[in-house]
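One structure below.
The values are calculated or read from the model by the stated rules, or taken from the named source; none is laboratory data. The model shown is predicted, which means the values in this text are computed figures rather than measured ones. Please note: Cβ atoms are built from the backbone with ideal geometry, for glycine as well, and neighbour counts cover all protein chains shown. In case anyone asks, the SASA skips ligands and DNA or RNA and just uses the protein heavy atoms, side chains included. Shrake-Rupley method; radii C 1.70, N 1.55, O 1.52, S 1.80 Å.
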Amino acid sequence: MTSRGSGSSRAGGQSDFLREIPADDGLRPLADRMRPRTLDEYVGQEQVLGPGKPLRTALERGQLHSLILWGPPGTGKTTLARLIARHADAEFMQLSAVMAGVKDIRAAVDRAQTVRAERGRRTILFLDEVHRFNKAQQDTFLPYVEDGTLTFIGATTENPSFEVISALLSRARVYVLRSLEVDDIVKLLRRALEDPERGLGQRHLDIDDAALVALAHGGDGDGRRALGMLELAADLAHEGDGRATITIEQVREVATGGRRRFDKGGEQFYDQISALHKAVRGTDPDGALYWFARMLDGGCDPHYLARRIVRMAIEDIGLADPRGQQLALDAWATYERLGSPEGELAIANALVYLAVAPKSNAVYVAYGEAQADVQEFGTLDVPLRLRNAPTKLMKELDYGKGYRYAHDEPGAFAQGERYLPDEMPDRRYYRPVPRGLEIKIGEALERLRGGKAKTDPGDDA
């Protein structure tokens, strides 16, 4: 079994998983050595663990319940699960969805049943990266969560709405953990520098506030990452007079090359592309450029961004400025020819153009309404007058009879002609907006529908 908590219990009632490893174990990374031992040592997540907040209140009242911790890496999900078990004096077992399977779950259930029968203790089963379990594997937990054999704690970086089955969601409360603030990470770093037992206190390290804040920024909301960088910086510290100094240059060196959090295909990915699209729609070129740069910095494929920008041109600019679509396609083609970084600049040009262009979703809305009518009215016949009649038989059946050839009409417009199925009511799907080119399109349609079609050669339709 992959759980470190599957071993025999020790005196004092704690499972092997919660057994303290020697603090001076040189193989343990600093971030692991500095894990909080109590809820009071836990840093951040005030929205969940602050005074009077839901989880803190439940723990203080002894109301242990199944839950799912959802948040970015390094925000304390695993640590919080351990602390909950310790606070509740519960047996703790841990599985990773990367390595575990149904066999491991069943072994954990057997152990939980034994602990419950022999010692009357509850068992918390912590499943890291729960989103990696498929539906059948997640289903395995349900009866044991239902009858109280297990209190389930799942941790995920992905949106539980999409990755966790509804039956398990209905039995567990979701708590959202946020990226750590810079002040929170500074607090973690100071604690590590001062702690002589678990941290770096015995090394007598000096670091000024600017370097410490730079390290915290380098962590990018991830406490584990920041502590890892501090450990690297400590190894580079300048020795002298019995002390060592971590300089801002060393901090920059260990932080170089770190990318902002970005999970291709995950929650961060979709949140950021949503922000980019909304900035364009909201006529904010600065916001659009920021999210574009942010996604590229995270490793997003520029081909994907180019394709999405073409969609923005079609959906949100439309006929208010048809040049937007062509410019977006040209930028995509330019990237194909030039690659990075010049090709990315071409995409940025198109992005700014779309952001400042007049906006219209009139065709997008019109197409959606037409699709809805297709679903509602079913397979209606094409009116005979609109049918083509290439054969004698079809002409005898009145195919094309009564059709008015638009080019033979004044202004090439057959006033009063109807092109929808006869059984359908009149529709006006396309309603031009009073912006950009659609101002002129709307005016032209009003003239035609009002019977004021122009007849002079070269006049606009």
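Would you call Ala210 open to solvent by less than 30 Å² (accessible area, probe 1.4 Å) and at pLDDT 85 or above? Against the criterion (open to solvent by less than 30 Å² (accessible area, probe 1.4 Å) and at pLDDT 85 or above), Ala210 does not qualify. Residues that are among the acidic types (Asp, Glu) and in a helix (DSSP H, G or I) do not occur anywhere in the stretch 78-99. Within the stretch 200-223, residues that are more than 22 Å from Pro73 (Cβ to Cβ) reach partners that are open to solvent by less than 40 Å² (accessible area, probe 1.4 Å) and acidic (Asp, Glu) with beta carbons closer than 8 Å, at six or more positions or on different chains, in the pairs Gly201/Asp195. Could you tell me whether any residue of the stretch 332-354 is within 22 Å of Glu443 (Cβ to Cβ) and crowded, with 17+ Cβ neighbours inside 10 Å? No: zero hits.
On the stretch given as the stretch 360-417, residues that are surrounded by 11 or more Cβ atoms within 10 Å (Cβ to Cβ), of a type in the set (Val, Ile, Thr) and over 30 Å from Pro322 (Cα atoms) total 1. Taking each residue of the stretch 424-453 that is at negative phi and looking for partners that are part of a loop (DSSP other than H, G, I, E, B) and surrounded by fewer than 17 Cβ atoms within 10 Å (Cβ to Cβ) with beta-carbon atoms closer than 6 Å, six or more apart or interchain, yields Ala444/Asp460; Ala444/Ala461.
Scanning the stretch 293-302 for residues that are part of a helix (DSSP H, G or I) and either exposed (fewer than 15 other Cβ atoms within 10 Å of the Cβ) or of a type in the set (A, V, I, L, M) (or both) turns up Ala293, Met295, Leu296, Asp297.
Just give me the residues in the stretch 126-152 being among the aliphatic types (A, V, I, L, M) and free of Cβ contacts under 8 Å to residues at least 40 places away in the same chain, in sequence order.
Start the filter on the stretch 126-152 by keeping residues that are among the aliphatic types (A, V, I, L, M), which leaves 127, 130, 136, 142, 145, 150.
Once the filter is applied, which keeps residues that are among the aliphatic types (A, V, I, L, M) and free of Cβ contacts under 8 Å to residues at least 40 places away in the same chain, the stretch 126-152 yields Leu127, Ala136, Leu142.
Scanning the stretch 127-164 for residues that are more than 16 Å from Gly71 (Cβ to Cβ) and of a type in the set (A, V, I, L, M) yields Ala136, Leu142, Val145, Leu150. For the stretch 8-46, the set of residues classified as at pLDDT 80 or above and open to solvent by 50 Å² or more (accessible area, probe 1.4 Å) consists of Pro29, Arg35, Arg37, Thr38, Asp40, Glu46, listed by residue number. Regarding Met295, is this residue touching a residue at least 12 places away in the same chain (Cβ under 8 Å) and under 30 Å from Lys440 (Cβ atoms)? No: the conditions fail for Met295. Just a yes or no: is a residue in the stretch 66-88 surrounded by fewer than 22 Cβ atoms within 10 Å (Cβ to Cβ) and more than 28 Å from Arg33 (Cβ to Cβ)? Yes, there is a match, as at least one residue in the stretch 66-88 is surrounded by fewer than 22 Cβ atoms within 10 Å (Cβ to Cβ) and more than 28 Å from Arg33 (Cβ to Cβ).
Counting only residues that are more than 26 Å from the chain's Cα centre (by Cα) and of a type outside the set (Val, Ile, Thr), which one in the stretch 114-140 is least open to solvent (accessible area, probe 1.4 Å)?
Among residues in the stretch 114-140 that are more than 26 Å from the chain's Cα centre (by Cα) and of a type outside the set (Val, Ile, Thr), the one least open to solvent (accessible area, probe 1.4 Å) is Leu125.
The residue of the stretch 263-292 that is modelled with the lowest pLDDT, among those that are over 16 Å from Leu354 (Cβ atoms) and assigned to a loop (DSSP other than H, G, I, E, B), is Gly265.
All conditions but one from (1) open to solvent by 20 Å² or more (accessible area, probe 1.4 Å); (2) modelled with pLDDT of 90 or more; (3) not in a helix (DSSP H, G or I) apply to Gly199; the one that does not is (1).
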